[in-house]
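No lab work stands behind these numbers, since they all come straight from the coordinates. This is a predicted model, so every value here is computed, not measured. Here the Cβ is made from the backbone with ideal geometry for all residues, glycine too, and neighbour counts use every protein chain on show.
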Amino acid sequence: MKTLWLALSIVLLLSVISLAVGSSAVGFEDLLAYFSNQNLDPSVKYIISDLRLPRTMALITIGMSLGLSGVLLQTVLDNPLAEPYTLGISGGAALGAVIAIFFGLGAIGVPVGALVGCFAVTIVILNFSGSKMLMKSRSLILAGIMVSLFCGAVVTLLVSLLDPTKIQTAVYWMMGQVGTTRDVGWPALFLIFLCVYLYFSFQEKNMDRLLLGDDIAASLGTNLNLIKRTVIVSVCVLTSGSVAIAGLIGFVGLVSPHLSYLILGTRRHSLTLTLSSLIGACLFLVSDILARILSHETELPSGSIMALIGAPILVMLMVRRTRYATAD
């Protein structure tokens, strides 16, 4: 329990730093004055309330959503490399967003296109896998990879045909970017996250049984098809909402669960669901803070910084796991 409170404290600390860091001169003193209801310049209030606060809340909500999704997928697919994008959801989101950009559907069209693409890919993958095949995680992952490769090929073709003025929008969105007008959509995503989190908190016994293997879980009364389909649909909704706001963000859903397993020393879902969500928020907050610190003149995509942070962490975790497996 102390670990969870510590993780929550770190999230709050990083949130304060996120609110105080940016290209403008607004800093910690202005932030303290803002929350103390002191009279501030209207421009300072606008920067904090309309720009930085939605951005910070979006970072937290997206990080928690992807961290939670990673735990759920790694459990039901019994694969340490499973994450929200393993099922090809990222490919569908990229395709939907680029199609919206290609046809000039505007700022609203991009997140809507991403949402439609995510759900379309999920439906296709579920139809590919079938009720019996769904029991086999490798089949589901293979279907996701195939769909993702197809979507990636179409995205490359469409980007090459885009007007030069639209290419930057497509590229930045695919690299993961916050700090846009899409940030205000965080309350809807947070509500979805809360519903998914609470649901699987009540299903923690069934989720723990899956760690023992599908056969044992089924013998103990767990409805495998129902729980797996629920996880896939839940992850699709969480990931599509995250993608609609910030574009493609990798490694959060992959690294967060592994860090939670390492810190807790257990995979009990009563603990990992919460800690992985908080770690996801921490990782995404850190990546965006670094993106703003490293460049004041141009906006660096947070997704790129997240990849630079996540890749080395993942390699270290995999090396550590291999050493322990060899020692055993």
Calculated [θ] (222 nm, deg cm²/dmol) that DSSP helices of n ≥ 4 give over the chain, each run adding -39,500 (n - 2.57):
-26000 deg cm²/dmol
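Between residue 38 and residue 198, what FRET efficiency comes out of the Förster formula 1/(1 + (r/R0)^6) with R0 = 41 Å and r the beta carbon distance, rounded to 0.05?
On the way: r = 37 Å, r/R0 = 0.91.
Working from the Cβ atoms, E equals 0.65.
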Measuring from the longest principal axis of the C-alpha atoms of the chain, the long axis of helix 252-264 (C-alpha) lies at a number of degrees, nearest 10, equal to 70 degrees
Once both axes come from the Cα atoms, what is the angle between helix 164-175 and the longest principal axis of the chain, in degrees from 0 to 90, rounded to 10?
60 degrees
Given region 181-328 reduced to its alpha-carbon atoms as identical point scatterers, what log10 I(q)/I(0) does the Debye formula return at q = 0.12, 0.14 Å⁻¹?
-0.62, -0.82
Take each of the peptides 35-44, 168-177, 227-236, average the number of other beta-carbon atoms within 10 Å over its residues, and list them starting from the highest.
227-236, 168-177, 35-44
At a Cα cut-off below 15 Å, give the aspartates and glutamates reachable from residue 228, other chains included and same-chain residues fewer than 8 away excluded.
78, 83, 204, 208, 214, 215
Residue-ordered couplings for region 272-283, obtained by feeding phi - 60° into the Karplus form 6.51 cos²θ - 1.76 cosθ + 1.60 and rounding to whole Hz (Gly and Pro as x), are 5, 4, 6, 5, 4, 5, 5, 5, x, 4, 4, 4
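Pull out the extension gain between residue 220 and residue 8, defined as 0.36 nm times the separation in residues minus the alpha carbon to alpha carbon distance; nm, one decimal.
Numbers: separation 212, 0.36 × 212 = 76.32 nm, distance 3.42 nm.
Working it through step by step, the gained length comes to 72.9 nm.
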Amide H of residue 251 versus every other amide H placed in the peptide plane: which residues, excluding those fewer than 5 positions away on the same chain, fall under 5 Å?
none
Largest first and rounded to whole Å, the semi-axes √(5λ) derived from the alpha carbon gyration tensor of region 36-98 read 37, 16, 5
Under Karplus coefficients 6.51, -1.76 and 1.60, residue-wise ³J(HN,Hα) of region 148-154 in Hz, glycine/proline x:
5, 5, 5, 4, x, 5, 5
Stretch gain in nm, segment residue 264-residue 308, where the contour uses 0.36 nm per residue and the Cα spacing is subtracted:
13.4 nm
Taking only C-alpha positions in the chain, Rg and Dmax in angstrom work out to 20.1, 65
Lys/Arg +1, Asp/Glu -1 at C-beta; region 2-327 dipole; positive extreme among 125, 115, 295
125
Gain on full stretching of the segment that runs from residue 211 to residue 188 - 0.36 nm per residue minus C-alpha separation:
5.2 nm
Of 63, 152, 221, which has the largest mean-square fluctuation in a 10 Å C-alpha GNM of the chain?
221
Lys, Arg +1 and Asp, Glu -1 on Cβ, resulting dipole of the chain about Cα centre, debye, nearest 20
840 debye
Test of understanding: extend the Cα→C-beta vector of residue 142 to 7 Å, then name every residue of region 91-126 with backbone N under 18 Å from that spot.
124-126
The rounded separation in angstrom of the Cα centers of region 249-292 and region 205-243 is 19 Å
